[in-house]
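Report on the following structure.
The values are calculated or read from the model by the stated rules, or taken from the named source; none is laboratory data. All values derive from a computational prediction rather than experimental measurement. Because the Cβ atoms are built from the backbone with ideal geometry, glycine has one as well, and the counts that use them run over all protein chains shown. Calculation scope for accessible area: heavy atoms of the full protein, side chains included, ligands and nucleic acids excluded. Shrake-Rupley method; radii C 1.70, N 1.55, O 1.52, S 1.80 Å.
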Amino acid sequence: MSLKLYNTLTKKREEFVPLEEGKVGLYVCGVTAYDVCHIGHARSAVVFDVIYRYLKYRGYDVTYVKNFTDVDDKIIGKAIAEGAEIGEISERYIKEHNEDMDRLGVARPTAAPKATENIKGMIRLIDTLMEKGLAYVVDGDVYFSVEKFEGYGKLSGRGLDDMMAGARIDVDEKKKNPFDFVLWKSSKEGEPWWSSPWGNGRPGWHIECSVMSQRFLGDTFDIHGGGEDLIFPHHENEIAQSEGATGKTFARYWIHNGFIKIDSEKMSKSLGNTLSIKEILAAYHPEVVRFFILQRHYKSYIDFSDAAMAEARTGMERVYAALKGIKDALGGEENLSDLSEKDLSGEDQAVFEKTKTLPGRFAEAMDDDFNTPMALGYVFDTVRIINGCLPAEGARPGRGMLFALNEARERIREAGKVLGLFLEDPDDYFAKDREREAGKSGLDVEEIERLIAERKEAREAKDWARADEIRDLLAGKGIVIKDTPAATTWKIG
């Protein structure tokens, strides 16, 4: 099956055919480095991380470029407020960004250029636009003339006449058209500047991505991505200035992820409802955060809430509980070397045949415009099959079933490597989860584990009264325990 994706440019699903067979150029707009990253940044990062991983999984040689904006009005404003250099501010938040991404399991891109490292390239591109009559200078500021670019509005679907009719924008007497955008800003006192043919100044925001993508991927490349809030004006303006300068198609496929809401409200600093990645990771395992993001299609909006995160955590528990059940049944990796398909018979064969379809079904889902909800659904189908044949605690299945269970585990792990999920040893995952959950309520993990062990002993001795007493005691402290064939797990209810 071929990979199909929704192209924002054409407004339809298309078969993905790269410019060069076996290779993909992917550019994604990165952060402006003036503050810590929030859950919206996490969504975009995870979405394109999975796209990057899946393209590689399919065998493509991917060049993935994601930039940093390290000179901008917001960065300058923070630097002035703190009495610092803009480089101090941007480097601080680039470091914070990388720490957050590492904790989320987001792979580093092939290249992570900074705007200030590419000023000469921006000046060259602006000079080309000036030579072609697509840009003009007013008092040291350089503007792009949108009326001179015939295709302006083709990404957002907004015709220039329609935009003018419904415009509510600040009047700038310098501009020939209200939608003309700045390519180069003349310097102001106390702000950083670089010399240029139009005087000292600094680049506008939009020109950065055109130059950095061109530097690493060429005039035309395969996929450009970012959040849907960037479609207009940022990505529209990138197309205009890039194609205006080169006369070539800029990016062939455009992918945009949807917004995140917080308790059904649009996330906004003005509303005071932004959540930093650090805050979220203090409360939830990084893979739970990724699961939450990936359980909805990347184009849909998702609603962050305590209930949604609890649901995501439960989903992760189901998969890790199955992986733990397999681990316990196998009794150690050293017992796998002599297992083979020859050991299969009867029920073992049936389990093996059912679970071996996961890679094909997973690829089918991901080929359908990176449909991660469907892909996760196929993983849970496999988990249900596993749960139906896990032995009771302490029992050990036959060789054929051990082989089938191990093969199922490897297929889940294979899918997990693409999604950035199910990568931990299950015992480690549950240990971290218990510590995090206990920390929320101030309870002692060791005491909880001791009571659960005591309850297990009471159940084995058929002392049902004591077992029920312990369950009620834990429930009174907000701890919900669940008995499975493999083990007893607990969580804060």
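So the values come out like this:
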item: Too-long pairs where the Cα-Cα distance tops 27 Å, listed order kept, from 74/114; 148/266; 78/185; result: 148/266
item: Segment 153-258 shape via C-alpha gyration tensor axes, a/c threshold 1.5; result: oblate
item: Three-way shape label, segment 1-150, alpha-carbon gyration tensor, a/c 1.5; result: oblate
item: Whether segment 351-475 is rounded, prolate or oblate, judged on the alpha carbon gyration tensor where a/c under 1.5 counts as rounded; result: oblate
item: Solvent-accessible area of residue 436 with every protein chain in place, 1.4 Å probe, in Å² to the nearest 10; result: 50 Å²
item: Relative contact order %, segment 1-63, counting alpha carbon pairs below 8 Å whose residues are six or more apart; result: 33 percent
item: For segment 155-311, share of DSSP beta bridges that run antiparallel, in % to the nearest 5; result: 40 percent
item: Carbon/sulfur fraction of accessible area - the chain, other protein chains in place, 1.4 Å, %; result: 48 percent
item: Where segment 1-97 is the region considered: accessible area per residue in Å², 1.4 Å probe; result: 41 Å²
item: Accessible area per residue in Å² at 1.4 Å probe, computed on segment 263-422; result: 42 Å²
item: DSSP beta bridges in the chain [antiparallel fraction, %, rounded to 5]; result: 50 percent
item: Among 190-200, 59-69, the order from most to least packed when residues are scored by Cβ within 10 Å on average; result: 59-69, 190-200
item: Value of relative contact order over segment 359-493, rounded to a whole percent, pairs C-alpha under 8 Å and six or more apart; result: 20 percent
item: Relative contact order (%) - the chain, alpha-carbon pairs under 8 angstrom, separation at least six; result: 15 percent
